[in-house]
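Trainee: Structure provided below as structure tokens; questions to follow.
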Amino acid sequence: MPQASGNFAGRKPACVAAAVMLAYMKPMKRNILLHPDPRLKKQAAPVADLSDELRALADDMLETMYDAPGVGLAAPQVGILQRLVVLDCVKGENERPRPLIMFNPEIVSSSDQMNVYEEGCLSIPEQFADVTRPAEVEVRWIDQNGKEMQETFDGLWATCAQHEIDHLDGKLFIDYLKPLKRQMITRKMVKMKRELARA
Ligand code: NI
């Protein structure tokens, strides 16, 4: 998920596409795939063992996420179909960052209480929509040291964890929207990708 919907606030709509294009043309540690892309619709494979290569990928993903800037990134978004996500939903400038690396993350329980958040996605830049999800989720994962972790998340952390884990199952936040809205966003993205390819 991207950091906030205000990245290009204040600019005229016509300039938004140009600003996004510039952001996506700058060199990133790992290139982020843009929707629509068949790789974003695939099921990712469980991580069998924690290789140095996978740990390096996780570090690259964190760097790419902070750079974007975003609050979460899943491996399929950089073209790697493995169950790995990174997130850091600490928003305050004076707060200490909390980068989390999750291998094989799993939601073990969800609250009945729901929460609505305006979501976005680094693979669908500048498109935002309200998505309803459980307000609290208990997540189990393997950290970068191979240790099994479990924690209950709420607020933005809960939304972000669910959004990123969805990516591992080929699911995007726009899949929660009504077909018409989803098609509209997809059409805008097709156009943006065409412009990016031409640039
Ligand atoms: Ni996303």
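The values are calculated or read from the model by the stated rules, or taken from the named source; none is laboratory data. A quick note: this is a predicted structure, and the numbers were derived from the prediction, not measured. With ideal geometry, Cβ positions are generated from the backbone for all residues, glycine too; neighbour counts draw on all protein chains shown.
Trainee: Spot the failing condition for Gly70; the list is (1) closer than 19 Å to Pro99 by Cα; (2) touching a strand residue (DSSP E or B) at 6+ places or on another chain (Cβ under 9 Å); (3) surrounded by fewer than 18 Cβ atoms within 10 Å (Cβ to Cβ); (4) at pLDDT below 95, and only one is missed.
Mentor: Gly70 satisfies all of (1) closer than 19 Å to Pro99 by Cα; (2) touching a strand residue (DSSP E or B) at 6+ places or on another chain (Cβ under 9 Å); (3) surrounded by fewer than 18 Cβ atoms within 10 Å (Cβ to Cβ); (4) at pLDDT below 95 except (3).
Trainee: Can I ask one more? Considering only residues of segment 64-80 that are in a loop (DSSP other than H, G, I, E, B) and away from the ligand (no atom under 12 Å from the Cβ), which is nearest to Ala161 (Cα to Cα)?
Mentor: Per the stated criteria, the residue is Pro69.
Trainee: Continuing with the same structure: When both residues are 6+ apart or on different chains and their Cβ atoms are under 6 Å apart, which pairs have a first residue that lies in segment 161-182 and is under 15 Å from Gln77 (Cβ atoms), and a second that is away from the ligand (no atom under 11 Å from the Cβ) and part of a helix (DSSP H, G or I)?
Mentor: Gly170/Lys41; Ile174/Arg182; Ile174/Ile185
Trainee: So, of the residues in segment 178-188 that are closer than 14 Å to Phe128 by Cα and out of contact with any His (no Cβ under 9 Å at 6 or more places or on another chain), which turns out to be surrounded by the fewest Cβ atoms within 10 Å (Cβ to Cβ)?
Mentor: Looking at residues that are closer than 14 Å to Phe128 by Cα and out of contact with any His (no Cβ under 9 Å at 6 or more places or on another chain), I get Lys178.
Trainee: Against the condition over 20 Å from Phe173 (Cα atoms) and modelled with pLDDT of 95 or more, how does Leu84 come out, does it pass? Write out each step before concluding.
Mentor: Values: over 20 Å from Phe173 (Cα atoms): no; modelled with pLDDT of 95 or more: yes.
Here the answer is no, as Leu84 does not meet what is asked.
The rows are residues; the columns are (1) within 13 Å of the ligand (Cβ to nearest atom); (2) surrounded by 15 or more Cβ atoms within 10 Å (Cβ to Cβ); (3) closer than 28 Å to Leu50 by Cβ.
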| residue | (1), (2), (3) |
| --- | --- |
| Ser109 | no, no, yes |
| Asp112 | no, no, no |
| Ala129 | yes, yes, no |
| Lys147 | no, no, yes |
| Phe153 | no, yes, yes |
| Val190 | no, no, no |
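Trainee: Taking Val90, is it among the aliphatic types (A, V, I, L, M), assigned to a strand (DSSP E or B) and out of contact with any Phe, Trp or Tyr (no Cβ under 7 Å at 6 or more places or on another chain)? Lay out the reasoning, then the answer.
Mentor: On the way: among the aliphatic types (A, V, I, L, M): yes; assigned to a strand (DSSP E or B): no; out of contact with any Phe, Trp or Tyr (no Cβ under 7 Å at 6 or more places or on another chain): yes.
The answer is no for Val90.
Trainee: Being more than 16 Å from the ligand (Cβ to nearest atom), closer than 24 Å to Pro38 by Cβ and not basic (Lys, Arg) is true for just one of Pro134, Pro97, Pro125, Pro179. Which residue is that?
Mentor: Pro179
Trainee: Taking only segment 28-63 into account, find how many residues are of a type in the set (Lys, Arg), at pLDDT below 95 and more than 15 Å from the ligand (Cβ to nearest atom).
Mentor: 1
Trainee: Mind checking which pairs have a first residue in segment 77-90 that is over 18 Å from Leu50 (Cα atoms) and a second that is among the aromatic types (Phe, Trp, Tyr) and in a helix (DSSP H, G or I), Cβ under 6 Å, 6 or more apart or different chains?
Mentor: Sorted first by the residue in segment 77-90, then by its partner, the pairs are Cys89/Trp157.
Trainee: If Trp157 meets every condition in (1) buried (at least 20 other Cβ atoms within 10 Å of the Cβ); (2) within 14 Å of the ligand (Cβ to nearest atom) apart from one, which number is that one?
Mentor: It is condition (2) that Trp157 fails.
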